[in-house]
Amino acid sequence: MDPEHPFGKLPASVRAGRERGRDSLFLMAKFRRAGEKAHVAVRVRNLSEGGLMAELPEALDIDEAVEVEVRGLGWVKGRIAWHAEGRTGIAFDRLVDPQLARKPVTGGTMTPSYVKPIIIKG
């Protein structure tokens, strides 16, 4: 048993991801089993270069291939690393830049006229 993780021995790739800084946050993402088109919305609780922790609606098998679409990152392939109390760790197949998920989503450079305040000169 890995002393760093109470749920069992973690693969080396997962342990390496855990050693990198984790960014605590709360955002929604899309989640699906690898190769499937249908997805469900999940809450992401933390994100690092090597993976994330999310609240999944059901427990999946350890090492099952999955895909997660995170804003700013697109669809990222990974594998289920662990489960505990409704939360699941996903180890990515490649490193990502977690700061891209924090960048604000913008729609353009101008504020639409219907959002601007009405100023009446009198």
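Data overview
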item: Computed label-point distance, nm, for sites Lys77 and Asp93 using a 7 Å Cα→Cβ extension; result: 0.1
item: Computed lengthening from Lys37 to Ile120, 0.36 nm per intervening residue step minus Cα-Cα distance; result: 24.7 nm
item: Heavy-atom accessible area ranking, 1.4 Å probe, most first, across Lys30, Lys37; result: Lys37, Lys30
item: Residue-span extension gain [Leu27 to Glu55] - 0.36 nm each, minus C-alpha spacing; result: 9.0 nm
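The values are calculated or read from the model by the stated rules, or taken from the named source; none is laboratory data. Please read these numbers as outputs of a predicted model, since none were measured by experiment. Virtual Cβ from ideal backbone geometry, glycine too; neighbours counted across all protein chains shown. When the accessible area is computed, the model is the full protein with side chains, heavy atoms only, and any ligands, DNA or RNA have been set aside. Shrake-Rupley method; radii C 1.70, N 1.55, O 1.52, S 1.80 Å.
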